[in-house]
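Structure, as structure tokens:
Throughout, read-outs are computed from the coordinates displayed, never taken from laboratory work. Everything quoted here is computed from the prediction, not taken from an experiment. A quick note on method: Cβ atoms are made from the backbone with ideal geometry, for glycine too, and the neighbour counts reach across all protein chains shown.
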Amino acid sequence: MRTRKWTIVVTIYVMGGLIGAVAWWALVQALSPIFRPVEGGAFYGAVSASVLLWAAVMYLLHRLPASVKKRVVVFMTFVAGLFYTLEFYLPEKSAIFFWRPSHTNPFTPMLDPVGAATSVIFGFTFFLGAFSLSLVHGKHIAARRPGYYNSIAFFVAFAAMAAFGLWQAYAPKAILVHDHWGLRNLSVRQVYDYLFISTYVPLGAALFSVLAFYMATAAFRAFRVRSAEAGFMMVAAFICMLGQVPLGMWVTHHLPMTGPLSHLRTEAIANWILGVFSMAGLRAVGFGILVGGLAMSLRLWLNLERGAFFEQEL
Amino acid sequence: MGRDSQFWSRRVIWLALAIATAAFLLVKVKAVMYVSKPARDIYDAIEAVPASKLIVISCSWAPGTIGENGPQTEALIRHCFKAGKRFAIFGFVDPAGPGLGQAIAERCQAQYGRRYGRDWVNWGFNIGGIPMIRGWAKNIPGTIKRDIFRKPITSRPVMAGIKTVRDIGLVIEITPSLSLQTWVDFIYGIYRTPIAYACTGVMGPEAFPFYDAHQIVGVLKGLAGAAEYEQLMGYEGDALKRMPAQSSAHAVVIALIVLGNILYLRARRRGEAPERRLGGS
């Protein structure tokens, strides 16, 4: 009974996938004339039409019953995964593509439009991130929660970076202030550079460098030799740390750079630890991660994954 | 340890680290680096790129790691300028990366008599992740389309003859993340295009399995890697200047670990600390 059920499931997947892939291929072939660069008014017309079409599709999807919505998501996930699988595993050129005069993989030319569509979807994730941040900080300000002024700072910084970023991109030679407030010919590009290079970059670097102070405290409080394993780890860490800096290299600088004694130099021992012991462990971890990732991908692709999101009503 | 002593010990540690780092940034000490084989291999790989091919410098880093990835990017860009190699700055992980690479290249180009568009180009940040990289490999102008100044990349003289990944001589991934995996899986794995990796210090060990398997041609590990490269190039940049400060910070951390263990052993002898925990440290 169980075998029969699985046979049916696999048959449905294979048949559905093949029909889906062929349908997709036909759809892209049919729509390929519209995947052409357009300029000026045609461009804005195409953008407006796309937005309207997208709104209509989203409206229709929202009107569908939850069970149908779920099936649509499952089907789209499977077809998208199948497209990349077929494009990747099928040969670039083969006699099996007998209906094509060049005998080339029919999925390869579709990489461009599908890649462009993927980029658009990725673009929406940026929009979603900005929207989500605005929503969270907007609520903080509206409710006057403690520290709400930080949320105001967020909106000011966000608006300034977005405005000057777009402005300098579309009008790089624009002058913001000609001769006012003691400023002469202050360009938009200069303001953007001030915001990005002179403010955002040092702030980012400062934030990351704070880690060094926490690492130093953690080293003092947590790195204890409580066992032989911890002792080995500490010795290895000492050598690797010293092997990366001139201080450690100076300790063994009297040893020759070549010959058998060169292997006793701090940097040589550090590289040996990294290249032999550490690498063996990392390979083992890497294998585990990749096998787990493969299993997870298959579960997502074939809709076998179960959990908070996957069993939730859409 | 009481709450007060914990409070003060933390502040003393932070102060000691700040002094140790700042002192060596203010006092000029000449650092001499031993150039490791993985760093030398990147140098040789750049030298070996033929004139007909382009080098891709993938800036997948953000301002947070400018301390390490900044000097790495500068050293690699300077090498390309010095050796007269055509290159393209590119980004697909962090939107800030190509802009930071652009600032470095613009700062250095005059010294070597190089010009944007003729000797190098910036493809900007491209979203789309792995599908974009796969499309890029088969059709570079079709995927990238425009450079950072929104001009068609085909209009730039440096792009002459560059159509697919077969026209790329080397990809250098500069990053604090493991974005290298994308290049190894989909570019080296399929087309055998040489890949080099410049990463932050903590990511260095993870690169060694790829390097050992010859899937990447070389590795620059953190600030030390950048300093090694500067030494190879024969100039003293930010990395060599910062190495004494990093050495002194490392020395402070080592001293703190030793001190922490002395205090721990003393407390254990007095019966104030646990003997052994399962799982080591």
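Assorted remarks:
- Under the span-like rule (Cα at least 18 Å along the axis, Kyte-Doolittle mean at least -0.5), DSSP H helices of chain A: A:2-31, A:40-63, A:66-89, A:111-142, A:148-170, A:201-222, A:228-243, A:279-301
- Listed values for the stretch B:213-223 are Karplus-derived 3J(HN,Hα) couplings in whole Hz (6.51 cos²θ - 1.76 cosθ + 1.60, θ = phi - 60°), namely 8, 6, 7, 10, 7, x, 9, 10, 9, x, 5, and x replaces Gly and Pro.
- For the protein assembly as shown, dividing the convex hull volume of the Cα atoms by the residue count gives 254 Å³ per residue.
- MRE, 222 nm, helices only [DSSP H, n ≥ 4, -39500 (n - 2.57), over chain B, to nearest 500]: -16000 deg cm²/dmol
- A:SER67, A:SER278 arranged by Cβ crowding within 10 Å, fewest neighbours leading: A:SER67, A:SER278
- Taking amide H positions as modeled 1.01 Å from N, with prolines and chain starts lacking one, the residues under 5 Å from B:ASN122 and 5 or more places away or on another chain are B:ILE89, B:ILE148.
- Ordering of A:84-91, B:249-256 by packing is B:249-256, A:84-91, highest average first (other Cβ atoms within 10 Å, averaged per residue).
- If the segment from A:LYS5 to A:TRP250 were pulled out straight at 0.36 nm per residue, it would be longer than the present Cα-Cα gap by 81.3 nm.
- Estimated distance in nm for a label pair at A:SER50 and B:TYR235, the labels positioned 7 Å out from Cα along Cα-to-Cβ: 4.1 nm
- Amide H within-cut-off set for B:LEU220, under 5 Å, with H built and near neighbours excluded: B:TYR197, B:ALA198, B:CYS199
- Counted by neighbouring Cβ atoms within 10 Å, the residues B:GLU236, A:GLU267 run from fewest to most as B:GLU236, A:GLU267.
- Computed extension gain for A:ILE175 through A:MET233, at 0.36 nm per residue and net of the alpha carbon distance, reaches 15.0 nm.
- DSSP bridge orientation in the stretch B:37-241 - percent antiparallel, rounded to nearest 5: 5 percent
- Over 29 Å between alpha carbons, listed pairs A:LYS93/B:LYS53; B:LYS163/B:LYS221; A:LYS173/B:LYS241; B:LYS53/B:LYS221; A:LYS173/B:LYS53: B:LYS163/B:LYS221; A:LYS173/B:LYS241; A:LYS173/B:LYS53
- Taking a straight Cα-Cα cut-off under 26 Å and skipping sequence neighbours fewer than 8 places away in the same chain, the lysines within cross-link reach of A:LYS70 are A:LYS5.
- Descending principal axes extents, chain B, alpha-carbon based, whole Å: 75, 43, 33
- Inter-part distance where the stretch B:53-110 and the stretch A:110-129 are each reduced to a Cα centre, Å: 25 Å
- Per-residue ³J(HN,Hα) for the stretch B:125-130, Karplus 6.51 cos²θ - 1.76 cosθ + 1.60, θ = phi - 60°, Hz, x for Gly and Pro: 8, 10, 7, x, x, 4
- Translational diffusion coefficient (Stokes-Einstein; Kirkwood radius from C-alpha pairs) of chain A at 10 °C, 1.306 mPa s, in µm²/s: 58 µm²/s
- Computed from point charges on the beta carbon alone (+1 for Lys and Arg, -1 for Asp and Glu), the dipole magnitude for the protein assembly as shown about its Cα centre is near 800 Debye.
- Neighbour-limited loop hits for chymotrypsin sites (Phe, Trp or Tyr not before Pro), the stretch B:1-78 (at most 12 other Cβ within 10 Å; DSSP other than H, G, I, E, B): none
- Histogram of C-alpha separations across the stretch A:225-289, 5 Å bin width, %: 4, 17, 20, 21, 18, 11, 6, 2, 0
- The residue list B:MET203, B:TYR235, B:THR154 was ranked by how far each Cα lies along the charge dipole of the stretch B:37-241 toward its positive end, using unit charges on Cβ atoms, and B:THR154 comes out on top.
- Magnitude of the charge dipole for chain B, about its Cα centre and with charges confined to Cβ atoms of Lys, Arg (+1) and Asp, Glu (-1), is about 300 debye.
- Here the 3J(HN,Hα) profile of the stretch B:87-92, calculated from phi with Karplus coefficients 6.51, -1.76 and 1.60 at θ = phi - 60°, is 8, 10, 8, 8, x, 9 Hz, Gly and Pro shown as x.
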